[in-house]
Every structure is written in structure tokens, then in C-alpha cells.
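The values are calculated or read from the model by the stated rules, or taken from the named source; none is laboratory data. Note that the coordinates shown come from a computational prediction; the quantities given were computed from them, not determined experimentally. Backbone-built Cβ (ideal geometry, glycine too); neighbour counts: all protein chains shown. In case anyone asks, the SASA skips ligands and DNA or RNA and just uses the protein heavy atoms, side chains included. Shrake-Rupley method; radii C 1.70, N 1.55, O 1.52, S 1.80 Å.
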Amino acid sequence: MSEAGLVVLPPSGLWTKQVVPTGRPRVRCGQPLPPYLVHAGEVRPCEPDPPGAPLGLGDLLTAEPAAQTVPFGPGDRLVLYTDGFIEARDRLGRFPDLAARIHAHAGRPLAAMVAALRRDLLHHVRGDLDDDAALVALERLR
């Protein structure tokens with residue numbers, strides 16, 4: 001049996017995702033930002049248990065974090081992002097609620113969802129981002 005793998009390198013960390021033949025991705029977390037899983041319109045963070053160390057601080061762990069398997073069926077989405085998407089403050093100092101924004105746009109086609117999340121972020125900061133912000137969304141088609 002073969003495995004397909006994907007590595008995403010956002011500026012603040014490293015995610016490794018493998019989709020195994022059962023359709024369940026294994027997620028290893030190398031940064032404190034959990035990806036969001038969108039399933040049947042519901043949005044939930046895929047938080048590792050126990051959490052891994054931030055990138056570059058793995059030597060502080062006493063054991064290698066174990067990869068976790070999460071359900072990932074047809075139509076499910078996995079949203080990965082950098083800290084710029086959750087730490088961008090508006091003029092009153094408030095952070096955006098990325099999970100709520102993902103939920104608001106979850107029914108759209110994938111590209112439209114990503115474009116809407118970008119627009120929401122720029123609207124939140126009134127077009128003035130102080131940090132880089134990257135977001136990648138993956139969808140299982142079958």
C-alpha cells in the first residue's frame with residue numbers, strides 16, 4: 001500500500017501531513033498552531049495530544065511527539081495557516097476569530113473560501129497587515 005505525503009512550510013513552523021489508504025491523515029505538529037478540520041460544516045482544531053514543541057525547540061522534549069490520526073473523508077477540508085492569520089489586530093486591538101470565519105465560508109467552493117478568508121483578514125485590519133499571513137486549504141475530493 002502506498003502513502004501520499006504533503007509537507008507545508010509556513011514561515012513560523014512545519015506541518016507534515018500524510019494521507020494513508022484509509023483516508024485518515026496523520027498530522028505531526030511542529031508549531032503551536034493547530035490546523036482546522038472542516039467536516040460536514042463543522043470546524044474544529046486538530047490539536048496534538050501532547051502538543052509538540054515550537055520549531056527549533058524539539059530538543060527540550062523528553063520524547064518524540066507521536067503522529068495522530070484524524071478522520072478525513074470525502075468533502076472534508078484541512079486549513080493550515082501562519083500566525084499572521086490569528087494575531088492580526090484591528091484598530092481596537094482585537095484578534096480575528098479564524099475558526100468563526102472558516103465556519104462562515106465553509107459552504108463555498110474551496111478557492112472561494114480561501115479568497116473570502118483573505119478578504120476577511122484584510123477587512124479586519126483595514127488593509128494594514130503588520131505581519132506575513134499565509135493560509136493553505138486542502139480538500140479531499142473522493
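Amide H contacts under 5 Å for Tyr81: Val136, restricted to partners 5 or more places along the chain or on a different chain, H placed in the peptide plane at 1.01 Å from N.
Protein-only accessible surface at a 1.4 angstrom probe places the residues His123, His39 in the order His123, His39, largest first. Inter-label distance, Asp132 to Ala63: 3.4 nm, where each label sits 7 Å from its Cα along the C-beta direction.
Oblate is the label for the range 57-142, because a/c, from the alpha-carbon gyration tensor with a ≥ b ≥ c as root eigenvalues, is 1.5 or above and a/b does not exceed b/c. Phi-derived couplings, Karplus 6.51 cos²θ - 1.76 cosθ + 1.60 at θ = phi - 60°, listed residue by residue for the range 42-47: 8, 10, 9, x, 9, 8 Hz, with x used for Gly and Pro.
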